[in-house]
Amino acid sequence: MIRAIIIDDEERARRVLTNLLTQFCPEVEILEVCSNVPDAVLAINRTQPDVVFTDIEMPGYSGFELLQFFTEITFEIIFTTGYNEYALKAFQVSAIDYLLKPIQIDQLENAVAKVKKAKDYTMEERLEALKENLKQAEIYKIALPTFDGLLFVDVNAIVCIEADGAYTHVACRDEKTIMVSKRLKYFELLLENRNQFFRVHRSAIININFIEKYSKAESYLLLQNKKTIRVARDKKSDFEAYVKDIRL
């Protein structure tokens, strides 16, 4: 079972979400329903839920401010919001899910499914990606921290990103490679909904727009910058399905 808490200042919104979860997501057990953040903090500390569904705009404290009450976040967050499309795009590129009001059943089911898979990443990693996404709107550029400041790079110019311990190497189409003090997971979360990026190996994410050749027999990619990247055995079938209809 997935143990959940709901936070929303609107009674109707609380009732609707409760009914939808009960009817369409029987694997979710609703522990408590709260109308404000302070009550929710007490409920979370008392019940230790797996996931918290929280509205964003609420009197007193917002859904984002909920997180400030915890030194260690041990639960998943799904934001429920009436935000417009501009804001939603910021949420969509993060690993933390959203539900747009009025809540659609398929959105709800997909959000619950993501909770089941969320153990791959810590909440801190997802929040870091979310905050970065909110700052950068539709993420046409991302800010890469370097030794002497920030380097702004066009997302579409990134050829591949490779892990190197606690660092990553970001290779761009101008043949420049930037070493960044972020782990590969950070970029995977940040670029999750950018369809041209695919993690082909535990140590590499590639931009499929820069693939020059794919050797199916030998499981490697040749990119336009002449770099070769291995496709992991456990990623091979997913990768081939992902690109099968693409005309490279």
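Whose amide H sits under 5 Å from the amide H of Ala232, counting only residues 5 or more places off or on another chain, with H placed in the peptide plane?
His201
Explain nothing, just compute: Karplus ³J(HN,Hα) = 6.51 cos²θ - 1.76 cosθ + 1.60, θ = phi - 60°, for every residue of the range 53-66 in order, whole Hz, x for Gly and Pro.
Those phi angles translate into 8, 10, 5, 9, 8, 9, x, x, 10, 7, x, 5, 6, 3 Hz.
Near the amide H of Tyr61, under 5 Å away, which other amide H atoms are found, from residues 5 or more places off or on another chain, if H is placed in the peptide plane?
Val37
Can you compute the modelled spin-label distance between Glu109 and Asp39, with each label point 7 Å from Cα toward Cβ, in nm?
It works out to 3.1 nm between the two label points.
Name the long-range amide H neighbours of Leu144: under 5 Å, sequence gap of 5 or more, or other chain; modelled H, no Pro or chain starts.
Sorted by chain and number, the residues that satisfy this are Leu151, Phe152, Val153.
Hey, with R₀ at 25 Å, roughly what FRET efficiency would Tyr61 and Arg12 work out to, going by the Cβ-Cβ distance, to 0.05? Don't skip to the answer; put the middle values down first.
Numbers: r = 20 Å, r/R0 = 0.82.
Calculated value: 0.75.
Report ³J(HN,Hα) in whole Hz for each residue of the range 11-21, in order, from the Karplus equation J = 6.51 cos²θ - 1.76 cosθ + 1.60 where θ = phi - 60°; Gly and Pro get x.
Taking θ as phi minus 60°, the curve returns 4, 4, 5, 4, 5, 4, 5, 4, 5, 5, 5 Hz for the range 11-21.
Could you derive backbone 3J(HN,Hα) for the range 156-168 from the dihedral phi with the Karplus parameters 6.51, -1.76 and 1.60 (θ = phi - 60°), listing whole Hz in sequence and x where the residue is Gly or Pro?
6, 8, 6, 8, 7, 10, 10, 6, 8, x, 7, 10, 9
Values quoted throughout were computed directly from the atomic coordinates according to the rules given, and no laboratory measurement underlies them. Here the structure is a predicted model, which is why all the values come from computation and not from measurement. Here the Cβ is made from the backbone with ideal geometry for all residues, glycine too, and neighbour counts use every protein chain on show.
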